[in-house]
Structure formats: structure tokens, C-alpha cells
Amino acid sequence: MKRVGILTSGGDCQGLNAAIRGVAKALYTADGETEIYGIRNGYSGLINGDYTKMKKSDFSGILTVGGTILGTSRQPFKLMRVIDDNVDKVENMKENYAKMQLDCLVILGGNGTHKTANLLSSEGLNVVTLPKTIDNDVWGTEMTFGFHSAVDIATQVIDNIHTTATSHGRVFIVEVMGHKVGWLTLYAGIAGGADIILLPEIPYNIDAVAKEIDKRESEGKNFSILAVAEGALSQEEAKMKKKELKAVRASMPYPSVSYKLAKELGDKTGHEIRVTVPGHFQRGGSPCAYDRVLCTRLGTAAAELIKNEKYGYMVALQNQRIVPVPLADVAGKLKKVPIDSDIVMSARDLGISFGV
């Protein structure tokens, strides 16, 4: 019999419950005596000893349910070694792991989550992780779960904007989630037929963006749609140091970069420009079919690692196969959109502008 703890950490997304279900059902199938402990609200629950022994029935009927039945929270990695109110977070997590008498801890999360998972692994805990995030920016896997579901939602927003943009002859900016990487904006922009796509990886020139809008108008196209990542950068901003950029963004008189763009482009082109921000809608709702299958594959692969006592790995999708990747190879690395990737080249071949 094995005793396994499961927690979900960081931002929520579609597919967390499907992945939890995949792990649990595969473990129960391998050994009906397995005990699973659900740790509430991410690393916070592991730090504070907030957990419960789960029943097999807890994992039924959750394949299609969004969010996470375990709850989640953000615990910044940079603060994990900081002692707050006499609480040693790392020691507390190790003590609660021992108190639960766990054979393994299963962690579902994104980049920050994997840094802490690797830390716990280096401290001697048996850890297996699954890569989740709508940003698809976890190193070592071609796809994270939650990504395709978010792409579907962002694409639908762009689809729906088309009708009002064409009816009123307007320029629309659709702001897509993604502070540091542009995978979600890129996929949704291509799928939704955006005319201009602005990504953090490809700093834009505002004059080039305005020129593209004017070019479309000269060709008789009375509307333009821009898919803009919330972390999109101008070429001037890209030259700034991190602290300087943070200060500039904090002081700008706009809710986000999209509203700044709308003002600048409106001044340069004379067009009425509207902004749509779907925000957290992109993280909500049921997982799409692709994510349900991916979560199931990742979950059962994690259970297989546990069964074989192969710890210190993240299960990942590579070349259409689910494979284990050492946590040490994943932690602290960000998977950005390569500017020379075939998907970027395909978008350029279609005539989509990246604002350069």
C-alpha cells in the first residue's frame, strides 16, 4: 500500500480535476489499498498541515469540472526560504509530509510551482509533478494542460469580435493572457484570424503597427483585429532593465498595455479603437476534449512513476509521447515562443503582422 499526497498550486486552469482524477484512478486500479491525501490550497496547505484523506468517490464525476477540488494558492518561490512569523515553510512542508507518512507527493502546477517542487525533491521528498498552465510555458513539455482550453475561449472571443468589427468598421484589440510568453496569443490569433499579433517575444514598433492598419484600409478593408498578449512590449520597453520597465508600467495611466496601444494607435491612424479583455474567462469552465485526454495521459503516467518508485520527475508530452523529465531540468526555465519557429513563419506567410 502506498500513501500519496496531491496538491494543486498557482493559478487555476481547466483540466486540474481531470489530471487529479487520472492520477487517483490509476493508483487505485494498480493497488486498491492506496491511500490518497488531498492537500488544500496548494503549498499553503502543506505548510500549515491542511489536508484530508480522500475517498474513491471524491474522484468520480470531476473529469469535466473546471477549477480544482483541492483549492489552490500562490506561494512565491523567492519567499519559500524566508521565515515569516517564526514559520519555516520548507521545514513545515517536510514535517507535514512525514506526519502524513507519504510515499510520494504529486504536485500540479506551472513554473513557480516547479521551482518549489524541485526544492522539495532536493530536500529528500519523493515528488512527481504534472505541468499545468494556460500559458504553455513550462520547460520540457510540448504542451501543458489547460492551454488548449484557453486557446478555444480566446479564439471564440476573437471570432465574435469579427462581426462587430466588420459591422462598424473599427479596429479592435483583444488582450489575451500571457505576461512573459505569447503562446496563447499566437495560437488564438492565428485560429481567430487576427490581422496583427503582438507577443512579448517580438517587441513591436508602434509605427509599424499603425502602418499595417493604414495598409489594410488602403486595400479596402475597413476593420482590423489585433491579438495582443498582456505582456507585449514595445521595442523601447524591451531595451529597459527589469526594474525600469516595472516602474514604467506601474506609472502608466492605463489599465493595461492594450489601452495604451489603443490611445497611441488612435492618435496615429485616426481610427476609433476598442479594447476587449476576456481576462480570467480564459482560465475558467470545463476542459476541452484535448485537455481531458492529455490530463488523463499525464495522470496515469504519474501513477506509473509512483508505482515504480521513480521520483524527482515531471511527466511531459514530447513527440506525442508521455515521458518523464528530471525536475532539475525543468525548474527555473521558461519556454518562450521561438521567433523563428514554424508557427511564427506560417503566420507571417499568411500576411499576419507582428508589428515589426
Of the conditions (1) farther than 22 Å from ALA303 by Cα; (2) out of contact with any Asp or Glu (no Cβ under 9 Å at 6 or more places or on another chain), LEU184 clears all except one; give me its number.
(2)
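Hey, among the residues in the range 58-89 that are aliphatic (A, V, I, L, M) and under 18 Å from ASN111 (Cα atoms), which one's most open to solvent (accessible area, probe 1.4 Å)? Please lay out each step first, then the result.
So the first thing to find is which residues in the range 58-89 are aliphatic (A, V, I, L, M), and the list is 62-63, 65, 69-70, 79-80, 82-83, 87.
If we keep only those that are under 18 Å from ASN111 (Cα atoms) as well, we get 79-80.
Values: LEU79: 74, MET80: 2 Å².
Looking at residues that are aliphatic (A, V, I, L, M) and under 18 Å from ASN111 (Cα atoms), I get LEU79.
Would you pick out the residues in the range 37-68 that are assigned to a helix (DSSP H, G or I), free of Cβ contacts under 8 Å to residues at least 40 places away in the same chain and either over 25 Å from GLY285 (Cβ atoms) or within 25 Å of the chain's Cα centre (by Cα) (or both)? I'd like the intermediate steps shown before the answer.
Residues of the range 37-68 that are assigned to a helix (DSSP H, G or I), as a first pass: 43-48, 56-59.
Within this subset, residues satisfying the condition of being free of Cβ contacts under 8 Å to residues at least 40 places away in the same chain are 44-45, 56-59.
Correct list: SER44, GLY45, LYS56, PHE59.
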For ILE153, state whether it is farther than 30 Å from ILE306 by Cβ, open to solvent by less than 10 Å² (accessible area, probe 1.4 Å), in a helix (DSSP H, G or I) and at pLDDT 95 or above.
no
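Is it the case that the range 211-225 has a residue that's under 25 Å from the mean Cα position of the chain (by Cα) and among the polar types (S, T, N, Q)? Break it down stepwise before answering.
Filtering the range 211-225 for residues under 25 Å from the mean Cα position of the chain (by Cα) gives 225.
From what's left, among the polar types (S, T, N, Q): none.
There is no residue in the range 211-225 that is under 25 Å from the mean Cα position of the chain (by Cα) and among the polar types (S, T, N, Q).
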Restricting the range 230-248 to residues that are out of contact with any strand residue (DSSP E or B) (no Cβ under 8 Å at 6 or more places or on another chain) and within 15 Å of TYR204 (Cβ to Cβ), the one surrounded by the most Cβ atoms within 10 Å (Cβ to Cβ) turns out to be GLY231
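Would you check if ILE306 is open to solvent by less than 80 Å² (accessible area, probe 1.4 Å) and either assigned to a strand (DSSP E or B) or of a type in the set (Val, Ile, Thr) (or both)? Before you say what the answer is, go through the steps one by one.
Details: open to solvent by less than 80 Å² (accessible area, probe 1.4 Å): yes; either assigned to a strand (DSSP E or B) or of a type in the set (Val, Ile, Thr) (or both): yes.
In short, yes.
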Of all the residues that make up the range 195-209, how many are of a type in the set (D, E, K, R) and open to solvent by less than 20 Å² (accessible area, probe 1.4 Å)?
0
Note: among SER353, SER341, just one is among the polar types (S, T, N, Q), free of Cβ contacts under 8 Å to residues at least 60 places away in the same chain and farther than 28 Å from GLY32 by Cβ, namely SER341
Selection within the range 249-283 - part of a loop (DSSP other than H, G, I, E, B), surrounded by fewer than 16 Cβ atoms within 10 Å (Cβ to Cβ) and not aliphatic (A, V, I, L, M)
PRO253, TYR254, PRO255, GLY270, GLU272
So the check is Cβ under 7 Å with 6+ separation or different chains; which pairs have a first residue in the range 22-34 that's without any contact (Cβ under 8 Å) to a residue 60 or more places away in the chain and a second one that's basic (Lys, Arg)?
TYR28/LYS56; THR34/LYS2
Restricting to the range 157-194, give me the number of residues that are open to solvent by 20 Å² or more (accessible area, probe 1.4 Å), of a type in the set (D, E, K, R) and either farther than 20 Å from PHE223 by Cα or under 24 Å from the mean Cα position of the chain (by Cα) (or both).
2
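The values are calculated or read from the model by the stated rules, or taken from the named source; none is laboratory data. Keep in mind that what you see is a predicted model, and the values were worked out from it rather than measured. Glycine also receives a Cβ, built like all others from the backbone with ideal geometry; neighbour counts cover every protein chain displayed. Surface areas here come from the heavy atoms of the whole protein model, side chains and all, with no ligands, DNA or RNA. Shrake-Rupley method; radii C 1.70, N 1.55, O 1.52, S 1.80 Å.
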